[in-house]
1. Step by step: first the residues of segment 110-136, then only those that are without any contact (Cβ under 8 Å) to a residue 24 or more places away in the chain and exposed (fewer than 15 other Cβ atoms within 10 Å of the Cβ), then the one that is farthest from C3 (Cα to Cα). Which residue is that?
2. So, of the residues in segment 43-58 that are in a helix (DSSP H, G or I) and at negative phi, which turns out to be modelled with the lowest pLDDT?
3. Looking at (1) assigned to a helix (DSSP H, G or I); (2) of a type outside the set (S, T, Y); (3) out of contact with any strand residue (DSSP E or B) (no Cβ under 7 Å at 6 or more places or on another chain); (4) modelled with pLDDT under 95, find the lone condition where G69 falls short.
4. Picking from A100, A122, A104, which residue would you name as being of a type in the set (A, V, I, L, M), closer than 22 Å to S191 by Cα and touching a helix residue (DSSP H, G or I) at 6+ places or on another chain (Cβ under 6 Å)?
5. Looking only at segment 72-90, filter to residues that are surrounded by fewer than 16 Cβ atoms within 10 Å (Cβ to Cβ) and part of a loop (DSSP other than H, G, I, E, B); which one of those is modelled with the highest pLDDT?
6. Being among the hydrophobic types (A, V, I, L, M, F, W, C), touching a Lys or Arg at 6+ places or on another chain (Cβ under 6 Å) and not in a helix (DSSP H, G or I), is that true of even one residue in segment 5-12?
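The values are calculated or read from the model by the stated rules, or taken from the named source; none is laboratory data. It should be emphasised that the depicted structure is a prediction, and the values quoted were computed from it without experimental measurement. All Cβ positions, even for glycine, are placed from backbone atoms using ideal geometry, and neighbour counts span all protein chains on display.
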Amino acid sequence: MECGESMILPYLPSTAMMRGYVRQRLEGDSRIRVWRGLLGSLRPRDLTRREIAGAHGQRPVLLTVPIKGGAGIVKRGYPECWTLSDHGRWRMMHLGAMEAAYGAAPYFDHFYPAIRSVITEAHEGMPFADFTSRLYTSLEDILGLESIIEYLRNMNDAEYQRVMVYAREKTVVEYADLSFLDVIFRKGLESIFTLLGDSDC
């Protein structure tokens, strides 16, 4: 089946998934190969949903992007053919949930405008792959993720080990299954050290 050509990415990847991504990229794997490997264990519906923190310490909130055609289309797979639905005013709900959960976080005002822009511009019929790729790219650009990965790759062994020791000291991930927005909003550019830490926390 032929549909879109964009690489499939999950909606708001989890911190655990992003840690796997960064560590495999450091080992030299290509972006496409790493994502294909990480997504191989996910059910199709897991591409469209992710939990974020609940407001005021409440339980996490599950955010789901509606796909045109509903659950039946999602269950059949073929995410490269999915398109967005405007069902349930999901964009306003997702943005409101992010503001409620992270509005007081130290780096919310720095990162949120880029996320809000991509979600606000999403529309009925937009390919899901294009939407998630734009969202991920905007976050990656703010973090300078690819540049950091390239910089770390070019370090000598002693420098790299010092960075990894620092990363292990800084890494505390209470909810690895939450969207990595959780780390970004709380830690800003220091997020990279959480993403470099031991993958089992």
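1. P113
2. Per the stated criteria, the residue is A55.
3. Evaluating G69 over (1) assigned to a helix (DSSP H, G or I); (2) of a type outside the set (S, T, Y); (3) out of contact with any strand residue (DSSP E or B) (no Cβ under 7 Å at 6 or more places or on another chain); (4) modelled with pLDDT under 95 leaves (1) as the failure.
4. Among A100, A122, A104, only A100 is of a type in the set (A, V, I, L, M), closer than 22 Å to S191 by Cα and touching a helix residue (DSSP H, G or I) at 6+ places or on another chain (Cβ under 6 Å).
5. That would be D86.
6. Looking for residues that are among the hydrophobic types (A, V, I, L, M, F, W, C), touching a Lys or Arg at 6+ places or on another chain (Cβ under 6 Å) and not in a helix (DSSP H, G or I), one finds at least one in segment 5-12, hence yes.
Yes/no matrix, rows are residues, columns are (1) free of Cβ contacts under 8 Å to residues at least 24 places away in the same chain; (2) in a helix (DSSP H, G or I):
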position	(1), (2)
C3	no, no
R33	yes, yes
G37	yes, yes
L62	yes, no
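Table: residues versus (1) out of contact with any strand residue (DSSP E or B) (no Cβ under 9 Å at 6 or more places or on another chain); (2) part of a helix (DSSP H, G or I); (3) surrounded by 17 or more Cβ atoms within 10 Å (Cβ to Cβ).
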{"site": "Y21", "(1), (2), (3)": "yes, yes, yes"}
{"site": "R25", "(1), (2), (3)": "yes, yes, yes"}
{"site": "S41", "(1), (2), (3)": "yes, no, no"}
{"site": "M92", "(1), (2), (3)": "yes, yes, no"}
